[in-house]
Amino acid sequence: QGQFVESGGGLVQPGGSLRLSCTDSRSTLTLYSIGWYRRTPGNQRELVARITSSNSTYYRDDVKGRFTVSRDNAKNTVYLEMANLKPEDTAVYYCNTDQGSNSNSWGQGTQVPGYS
């Protein structure tokens, strides 16, 4: 089981962009489908995007056309490129495997706090 570390969050204006990164200290990340999830201010955890080990992707409806999930296996990293950010995107973002999410095993996440 991987130990996931998320990074790349930060304050951004509406319409701005960020790239989040997810890596695994155990270097098992490339073997799994990886989902990006977010914990909203309303304390709901939502699946935002997902990429399989064979690079098929899924996106939540409200991020389609704005977010792109990708992976670089050589770097043991999964990315979430976020463009045209909206206030509704404010959340703490996490990456995880299907097994990890189902067992409620999460890393620290990276915060996208929005812009005031």
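The values are calculated or read from the model by the stated rules, or taken from the named source; none is laboratory data. The model shown is predicted, which means the values in this text are computed figures rather than measured ones. Because the Cβ atoms are built from the backbone with ideal geometry, glycine has one as well, and the counts that use them run over all protein chains shown. To get the accessible areas, we keep the full protein, side chains included, count just its heavy atoms, and leave off ligands, DNA and RNA. Shrake-Rupley method; radii C 1.70, N 1.55, O 1.52, S 1.80 Å.
Placing +1 on each Lys and Arg Cβ and -1 on each Asp and Glu Cβ, with no other charges, gives segment 1-86 a dipole about its Cα centre of roughly 80 debye. Just to confirm a number: summing +1 for Lys and Arg and -1 for Asp and Glu over residues other than Gln3 whose beta-carbon lies under 13 angstrom from that of Gln3, what do you get? Neighbour charge sum, excluding Gln3 itself: -1.
How high is the FRET efficiency from Thr68 to Arg39, r the C-beta distance, R0 22 Å, rounded to 0.05? Write down the numbers at each step before the final one.
Numbers: r = 21 Å, r/R0 = 0.95.
E(calc), rounded to 0.05, equals 0.60.
Using the Cβ of Asp24 as centre and a radius below 13 Å, the other residues enclosed give a net charge of +1, where K and R count +1 and D and E count -1.
Using a 1.4 angstrom probe, figure out how much accessible area segment 41-116 has per residue, in square angstrom, rounded to the nearest whole. It would help to have the intermediate numbers written out before the result.
Details: 4160 Å² over 76 residues.
With all protein chains present, segment 41-116 gives 55 Å² per residue.
Electrostatic tally near Trp36: other residues with Cβ closer than 12 Å to its Cβ, Lys and Arg +1, Asp and Glu -1, net +3.
Pop the C-beta distance of Glu46 and Gln13 into the FRET formula with R0 = 22 Å and round what comes out to the nearest 0.05. Walk me through the intermediate numbers first.
On the way: r = 22 Å, r/R0 = 1.00.
Step by step, r from the Cβ atoms, then E = 0.50.
Roughly speaking, to the nearest percent, how much of segment 1-111's 1.4 Å accessible area is carbon and sulfur?
Numbers: 2420 of 5720 Å².
Summing carbon and sulfur atoms, their accessible area is 42 percent of the total for segment 1-111.
Using the Cβ-Cβ distance between Leu31 and Ala83 with R0 set to 30 Å, the FRET efficiency works out to roughly 0.60.
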